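The values are calculated or read from the model by the stated rules, or taken from the named source; none is laboratory data. Model, not experiment: these values are computed from the prediction. Here the Cβ positions follow ideal geometry from the backbone for every residue, glycine too, while neighbour counts run over all protein chains shown. The area values use the complete protein model at the heavy-atom level, side chains included, leaving out ligands, DNA and RNA. Shrake-Rupley method; radii C 1.70, N 1.55, O 1.52, S 1.80 Å.
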Amino acid sequence: MLEKLIENWLNSAGERTYQPVFCQMLARQGYTVIHSTRHSPIEYGKDIIAIHLDGTPCAFQLKGNPGSRLTLAQYREIAPQLAELVNQQIEHPAISKTIQHRTFLVTNGEIDEEVQQAIEQTNASNVRSGYPDRILQTMAKGQLLAWAKELDVSLWPSELDDTKALLEILTNSGNELFPAGKFHELLSRLLKLEFGQSELTAAEFNRRISSSALFTAICLTPFSKRDNHWAIISAWALFSVYLIASAAKSGRPEKEVADILAITEEAIFNELTSLMNETLYRETPLVEGDSLSDFVVYQWRYTLLVGIGSLTWMWMNHADAWPNLDFKAKLEKFLPEDQSTLQLWGDAAVPQFLLHIWQIEAKGNAKKSRELLESLCNRCVHIHLPAVYRDVEAVIELVLSETLDDFDPPFSLDQNGPINSWMTKQLVLHMARHGMKTECQSIWADYSKTTSFVFLPSEPWMYGLFKCSHGNNMQYVPKTPEKWENVLQEANANPAENIPLELLSRPWLLALWILICPQRAIPAAINNIVFRAAK
Amino acid sequence: MLPDLPAVKRKLLKVQMDFVQNTARELMPAFGECQTIHIFEGNQQGVERATGDTDIRDLNVASAEVAVAPHKDDLGTVFSKLHDMARQFAEQFEKKSFQHLNEVLDQHGQTADAKGTLNADTLLEAFSKIEFPLGPNGEIDLSNFKLVCAPSAQDRMKAAMLEIENIPEKKRRLEEIMQQKKEAALAREADRKLVE
């Protein structure tokens, strides 16, 4: 069944979808991947550049032919690109210009006989012209399937409940949010992330990384078919964070995960670009799916897209990697100047608001960002919001149940009594970190009447899990009176006590993590997502 | 397996579990109306109080057992058994909660030792240790105040309260205590600030 799953995945994946896994396959075959394209103007002309075990640089051009064949007509369209691939030197700082590279055309489909003949003729022509090394080689579905099977699918969770969970993911309609909870159960077992399990050896760790990359790609099959960018982003972000968690748990050094994290970073960046492209260049309003009932989710969708768009802006700005100036202008126009149009549906929406606030600050409007931060903190201190663990669908059902008998309230929200919040402490500490003393003093009386909750996993590596079996649900009752210096001290506490260093050093991934898993938006995370100022 | 109808049973099971939960709360007059917080993960619960001290404990497991005979039981019988299940949960929860309360209150000097005698004086001493909140009108808010005692002590508790009400000296003492509590509450409200 697993082999059939892999084949099914290969038959449905576009080139961007199978690219991260193909990089893992190369790594498993002994290649060192040094570049995986962002499909930006600067591509070095190749999708993937890698160095073979024997030291020879290799360039790979990937094509997506899911469930089909690379035809002669398609080949002729890309022939000039392929000629470039073969004849031009690889321009990359890590590649010596004196070594002739090998070039590969890779497809996840079959290659028509006529295409093979055309390639052979081109190669023969190069040989006759005195360039015997300028040969185009091909890799098709069969080879990819064989390489994929070598990625240790035997390690995949195989108990009956796991198979059921996997099938539930694979039979998802693909247009829903990525099922992070189910994915967590399966990936935790694959990466041996259960509490009390022994550390992984280097060899086993590497095997499990490769295997889980393929596993993630396969779980994305129904979502990739629907171009569900946010689901794809969520899955690869989860995979990346779990990888960091696994490395931290087993004490594996940073370099063992650096390559694959760079590859998944590319995949995530590409999908963020695609998602924002779709958002910014739509001619119709931001409606998706059935429009008659869309009103109930529209505000949520818009707020989430503002959060994601803000993250995208900060990342592209930090990396100076804008697709083009028109995209930048449209994104800046899309992101609102204030938060009056955003929906604070629960504690879980707070990270989306924060990302927007940080984007406004990064753009140079520190005053506005502080006003919005203060306003957000005020709201959280005065309004009973659904707890951070309540997902948006449950919250929407709760609201609908107040009016429509056919909806049962999935949980109860106590609108009386003191405010309990999973976000107020981090917002107050964040204001303190920004030196907002007056604002903190102004809010302190009301804040002191609330109880703040923060979940602290037992060990730092467990921070990278969607759900933890071991950890402390801390309640904090603010002191009265409290000294400003104490608040400042707490705001500047060492974050590495609670968050793996590898995650702290990747602000874009940490920001995605708190978007996807808002219960992990603990004070240390909020205070340490730092996109450094633009160059 | 034998033929089954899991979908309708799942719906009913939810109703049954809600019944157990709601009934357990009703059976705990001391705790049933308290605000509840749902815990989603982890194995511990902690609190850092305004005084700065911290208390971290493992989560406790409460369990209950009832026997059902599906071939004989009807709806009324099953719900009667669920009521018994709720009673078991309520007893375990109350026992653990009072135990925890006693430990914490003892630690912080918040207990009045009746030394086997529950009378007006011991009741007044207990009142002197309670922190009362202020209502929106600036007066002590007793809307959520409950006196909880063991069933065997109810008569003595009532007698003690009557004693306070009817003996002027004791009534005056209660008024003094409540005035002190009001001043303390006002001072606490004034202290809700972030200082240099």
Q) Which condition number does A:Tyr476 fail, the rest of (1) among the hydroxyl-bearing types (Ser, Thr, Tyr); (2) crowded, with 22+ Cβ neighbours inside 10 Å; (3) within 12 Å of chain B (Cβ to nearest Cβ) being met? A) (2)
**Q.** Selection from region B:140-155 of residues that are at pLDDT 85 or above and open to solvent by 80 Å² or more (accessible area, probe 1.4 Å)
**A.** B:Leu142, B:Ser152, B:Gln154, B:Asp155
Q.
A:His434 - would you say it is more than 14 Å from every other protein chain (Cβ to nearest Cβ), in contact (Cβ under 8 Å) with a residue 40 or more places away in the chain and open to solvent by 50 Å² or more (accessible area, probe 1.4 Å)?
A. no
(Q) Within region B:100-128, take every residue that is on the phi > 0 side of the Ramachandran plot and more than 20 Å from the chain's Cα centre (by Cα) and give me the one that is least open to solvent (accessible area, probe 1.4 Å). (A) B:Gly116
Q. If the Cβ limit is 6 Å and pairs must be 6+ apart or interchain, which residue in region A:148-173 that is of a type in the set (A, V, I, L, M, F, W, C) pairs with which residue that is at pLDDT below 80 and surrounded by 11 or more Cβ atoms within 10 Å (Cβ to Cβ)?
A. A:Val153/A:Leu2
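Per-residue answers, yes or no, for (1) touching a residue at least 24 places away in the same chain (Cβ under 8 Å); (2) within 26 Å of A:Gly307 (Cβ to Cβ); (3) open to solvent by 10 Å² or more (accessible area, probe 1.4 Å):
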| residue | (1), (2), (3) |
| --- | --- |
| A:Thr450 | yes, yes, no |
| A:Val454 | yes, yes, no |
| A:Tyr463 | yes, yes, no |
| A:Asn472 | no, no, yes |
| A:Pro495 | yes, yes, yes |
| A:Leu504 | yes, yes, yes |
| A:Trp508 | yes, yes, yes |
Q. When region A:106-122 is examined, which residues are found to be of a type outside the set (D, E, K, R), in a strand (DSSP E or B) and out of contact with any Phe, Trp or Tyr (no Cβ under 8 Å at 6 or more places or on another chain)?
A. A:Thr107, A:Ile111
(Q) Any residue that is farther than 26 Å from A:Leu501 by Cβ, within 14 Å of chain B (Cβ to nearest Cβ) and small (Gly, Ala, Ser) - is there at least one of those in region A:391-399? (A) yes
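Considering only region B:30-48, I want to know if a residue exists there that is in a loop (DSSP other than H, G, I, E, B) and charged (D, E, K, R).
yes
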**Q.** Leading residue by the ranking (farthest from A:Asp446 (Cα to Cα)) among those in region B:156-196 that are surrounded by fewer than 16 Cβ atoms within 10 Å (Cβ to Cβ) and of a type in the set (Val, Ile, Thr)
**A.** B:Ile167
Q) Out of curiosity, is A:Glu393 surrounded by fewer than 17 Cβ atoms within 10 Å (Cβ to Cβ) and assigned to a helix (DSSP H, G or I)? A) yes
Q: Filter region B:16-48 down to residues that are open to solvent by 80 Å² or more (accessible area, probe 1.4 Å) and within 14 Å of chain A (Cβ to nearest Cβ), then give me how many there are.
A: 6
(Q) Looking at A:Pro460, A:Pro507 in this structure, which one is farther than 29 Å from A:Val395 by Cβ and more than 14 Å from every other protein chain (Cβ to nearest Cβ)? (A) A:Pro460
(Q) If I ask for residues that are open to solvent by less than 10 Å² (accessible area, probe 1.4 Å) and farther than 23 Å from A:Ala267 by Cα, which ones from region A:45-81 would you list? (A) A:Leu70
Q) Looking at (1) more than 29 Å from B:Phe132 (Cβ to Cβ); (2) part of a loop (DSSP other than H, G, I, E, B); (3) in contact (Cβ under 8 Å) with a residue 24 or more places away in the chain, which is the only condition A:Pro418 fails? A) (1)
Q | Near pairs, Cβ below 8 angstrom, 6+ apart or cross-chain, from region B:77-98 (among the β-branched types (Val, Ile, Thr)) to any residue that is in a helix (DSSP H, G or I) and surrounded by fewer than 17 Cβ atoms within 10 Å (Cβ to Cβ) | A | B:Val78/B:Gln16
**Q.** Members of region B:129-139 that are touching a residue at least 40 places away in the same chain (Cβ under 8 Å), exposed (fewer than 14 other Cβ atoms within 10 Å of the Cβ) and not hydrophobic (A, V, I, L, M, F, W, C)
**A.** B:Glu131, B:Gly138, B:Glu139
Q: Residues being part of a loop (DSSP other than H, G, I, E, B) and more than 21 Å from A:Leu144 (Cβ to Cβ): count how many of those fall in region A:66-95.
A: 8
Q | Which listed residue, of A:Glu439, A:Glu485, is without any contact (Cβ under 8 Å) to a residue 24 or more places away in the chain, under 28 Å from B:Ala185 (Cβ atoms) and either touching a helix residue (DSSP H, G or I) at 6+ places or on another chain (Cβ under 8 Å) or open to solvent by 50 Å² or more (accessible area, probe 1.4 Å) (or both) | A | A:Glu485
Q.
I'd like to check something: does region A:400-415 contain any residue that is farther than 22 Å from A:Asn528 by Cα, touching a residue at least 40 places away in the same chain (Cβ under 8 Å) and surrounded by 13 or more Cβ atoms within 10 Å (Cβ to Cβ)?
A. yes
Q | Out of A:Ala235, A:Ala321, A:Ala267, sole residue that is aliphatic (A, V, I, L, M), touching a helix residue (DSSP H, G or I) at 6+ places or on another chain (Cβ under 8 Å), under 29 Å from A:Ala27 (Cβ atoms) and modelled with pLDDT of 95 or more | A | A:Ala235
Q | Of residues in region A:228-263 being part of a loop (DSSP other than H, G, I, E, B) and in contact (Cβ under 8 Å) with a residue 12 or more places away in the chain, the one farthest from A:Ser274 (Cα to Cα) | A | A:Gly251
